[in-house]
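Only the coordinates and a few stated rules stand behind these numbers; no lab work does. From a predicted model like this one, the values you see are computed outputs, not experimental measurements. Quick reminder, even Gly has a Cβ in these numbers, built from the backbone with ideal geometry, and neighbours come from all protein chains shown.
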Amino acid sequence: MSSNKKRIVFKVGTSTLTHKTGKLNLRHLAELVRVLADLRNAGIEVALVTSGAIGVGVGKLGLSEKPQDTPGRQAAATIGQCELMFIYDKLFGEYANTIGQLLITKSDVEDDVRRQNLINTFEQLFSFGAIPIINENDSVAVDEIVYGDNDCLSAIVAKLIGADILIILSDVAGLYDANPAEEAQARLIPVVQNINENILNLAGGAGSDFGTGGMITKVHAAQIATEAGISVVITDGSKPSDIYRILAGESVGTLFCGKNMTKLEAES
């Protein structure tokens with residue numbers, strides 16, 4: 001895979017950002033911010049799609065679990081989003097990087113005028129040298145808070161801004177040929193050329209207590225991105241330094257080849 005990447009979308013999930021208590025995992029977050037700030041300093045345009053608003057809100061409120069009703073989750077999201085952005089701003093600011101927040105709903109993407117306004121905002125943020133940080137607008141987007149996930153949102157963002165690659169930071173190292181939590185001999189699949197029914201079946205499963213997705217939502221995101229010619233890597237979010245290895249062309253996690261990407265390009 002070519003390491004000549006100039007615009008990259010990263011997606012980080014709730015399970016990577018938080019402990020099982022719902023409180024922020026500051027170690028993972030600080031390491032991730034340091035890597036992304038370093039890439040921005042090197043001239044790479046970086047966008048970060050972040051989950052965690054509801055989970056962090058649950059932790060800050062001291063709740064034992066995520067609210068089951070939509071208003072409860074929306075309220076938790078408003079509290080958690082404030083906490084998330086405060087921490088991101090503080091950490092990125094330590095490396096002299098500026099961030100901008102975008103809270104997106106489904107209608108923002110589907111409406112032609114709003115979609116173009118969104119693209120224009122992204123482009124202006126990049127021209128300012130800022131790092132866009134994106135989340136679903138959970139406090140108002142009822143459909144998204146019930147059915148949506150930030151994995152697919154990250155793929156949509158990657159398409160909107162013409163990203164070179166999408167890197168999804170997960171709580172597992174990639175796609176396996178069996179469930180690694182149940183099968184000790186499960187093997188990591190390094191490259192997926194085509195997302196077929198077999199790949200979708202391998203990806204079945206649920207996410208964490210505080211998250212909304214699982215491997216299946218990540219593979220669906222990979223479908224969206226790869227159809228647009230954007231390659232996707234799913235990798236272990238607890239090891240942010242592996243991002244350097246991915247961009248250096250090493251085989252880390254699972255690479256889903258963008259449409260028209262040759263096998264030779266994937267292996268190089």
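A simple spin-label model places the labels of residue 198 and residue 101 4.6 nm from each other, with each point 7 Å out along Cα-to-Cβ. Residue separation of residue 185 and residue 38 scaled by 0.36 nm, minus their Cα-Cα distance, works out to 49.3 nm of gained length.
With the cut-off at 1.5 for a/c, could you classify the range 1-135 from its C-alpha gyration tensor as rounded, prolate or oblate? Oblate, since a/c reaches 1.5 and b/c is not below a/b. Cβ-Cβ distance of residue 19 and residue 111, R₀ of 45 Å, FRET efficiency by 1/(1 + (r/R0)^6): the value works out to about 0.75. Going by the alpha-carbon gyration tensor, a ≥ b ≥ c the square roots of its eigenvalues, is the chain rounded (a/c under 1.5) or, if a/c is not under 1.5, prolate (a/b greater than b/c) versus oblate? Note, shape of the chain comes out rounded.
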